[in-house]
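Below is one structure; the comments refer to it alone.
The values are calculated or read from the model by the stated rules, or taken from the named source; none is laboratory data. Small disclaimer: the values here were computed from a predicted structure and weren't measured. Virtual Cβ from ideal backbone geometry, glycine too; neighbours counted across all protein chains shown. Areas reflect the complete protein model, heavy atoms only, side chains present, ligands, DNA and RNA absent. Shrake-Rupley method; radii C 1.70, N 1.55, O 1.52, S 1.80 Å.
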Amino acid sequence: MQSAETPPQRPRAVGRGDKMRAAVLAATLTELTLSGYAGLTVEGVAQRAGVHKTTIYRNWKDSDSLVADALTGHFATEVPIPDTGAVESDLRELARSLVTSMTSEAGRALLATALAEAGRTPKLAAVKEAVFDDRFRRARIVVTRAVDRGELPAGTDPTELLKTLVAPIYFRLVFTGDPVDGSTADQAVRVALAAAHARALPPPEPA
């Protein structure tokens, strides 16, 4: 006589390598969006991704490194690094992509994870720092190309300019709740460029 109990559902196979990694990171983002950082579990990610949790532990040392990879990959994809040939249009595309990404439902949830909860969770604070460091590292080329073309003063610190660019966008998103749209991005570009041309940005730190 067969048991009336329903056997546990086995994870569907998603393959290995890049395909598995993509499935796990996508599942992590979905879990963050639905449950937040506090509600995320490796077991939940594994079930959603269709892999065994041992597969995750073989590739990521803990849930924090998994979250860091997922957030880094998301922002790298959603906010690509432009190369239009001019610094103003490069920065405008960068800022507008950031606005589009961060004002989506998923973007707001991930922003809450990366920023709002970091103050309460020391491990997540380290994840947030790693994600932002990666974003600034990837986007530096926009500023260094502009300096090489003579569009920006020699010695302009790429990270400080990029911080000046994104600061008003994140300020509205996180603190004031004011509307954030394309005009917000364009104004941020004008402010960042004006600060750079006025040499008002902090100088690079000594190597």
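Residues of the stretch 98-111 that are open to solvent by 30 Å² or more (accessible area, probe 1.4 Å) and closer than 17 Å to residue 188 by Cα: 100, 103. Taken residue by residue, the stretch 61-78 has at least one member that is of a type in the set (Ser, Thr, Tyr), more than 23 Å from residue 166 (Cβ to Cβ) and touching a helix residue (DSSP H, G or I) at 6+ places or on another chain (Cβ under 7 Å).
Put simply, of 86, 95 the only residue that is surrounded by fewer than 16 Cβ atoms within 10 Å (Cβ to Cβ), closer than 20 Å to residue 194 by Cα and in contact with an Asp or Glu (Cβ under 8 Å, 6 or more places away or on another chain) is 86. If you go through the stretch 129-140 and keep only what is touching a residue at least 40 places away in the same chain (Cβ under 8 Å) and either among the basic types (Lys, Arg) or over 13 Å from residue 160 (Cα atoms) (or both), you end up with 130, 131, 134, 135, 138.
Taken together, the residues in the stretch 104-146 that are of a type in the set (D, E, K, R) and in contact with an Asp or Glu (Cβ under 6 Å, 6 or more places away or on another chain) amount to 1.
Just to be sure before I move on: is residue 151 farther than 17 Å from residue 201 by Cα and surrounded by fewer than 19 Cβ atoms within 10 Å (Cβ to Cβ) in the structure I sent? Considered against the rule, which asks whether it is farther than 17 Å from residue 201 by Cα and surrounded by fewer than 19 Cβ atoms within 10 Å (Cβ to Cβ), residue 151 comes out as no.
Within the stretch 49-60, being open to solvent by less than 10 Å² (accessible area, probe 1.4 Å) and either under 30 Å from residue 192 (Cβ atoms) or assigned to a helix (DSSP H, G or I) (or both) holds for 49, 56. Pairs linking a residue in the stretch 47-71 that is under 23 Å from residue 102 (Cα atoms) to a residue that is open to solvent by 40 Å² or more (accessible area, probe 1.4 Å) and modelled with pLDDT under 95, with Cβ atoms under 6 Å and 6 or more positions apart or on different chains, are 64/123; 68/130. A Cβ distance below 7 Å, combined with a sequence gap of six or more or placement on separate chains, defines the contacts here; from the stretch 78-94, residues that are under 13 Å from residue 146 (Cβ atoms) reach residues that are modelled with pLDDT under 95 and not in a helix (DSSP H, G or I) in the pairs 94/79. Is there a residue being closer than 23 Å to residue 202 by Cα, assigned to a helix (DSSP H, G or I) and open to solvent by 20 Å² or more (accessible area, probe 1.4 Å) anywhere in the stretch 61-77? No, there is no match, as no residue in the stretch 61-77 is closer than 23 Å to residue 202 by Cα, assigned to a helix (DSSP H, G or I) and open to solvent by 20 Å² or more (accessible area, probe 1.4 Å).
Candidates are the residues of the stretch 168-185 that are loosely packed, with under 13 Cβ neighbours inside 10 Å and not in a loop (DSSP other than H, G, I, E, B); the one that is modelled with the lowest pLDDT is 175.
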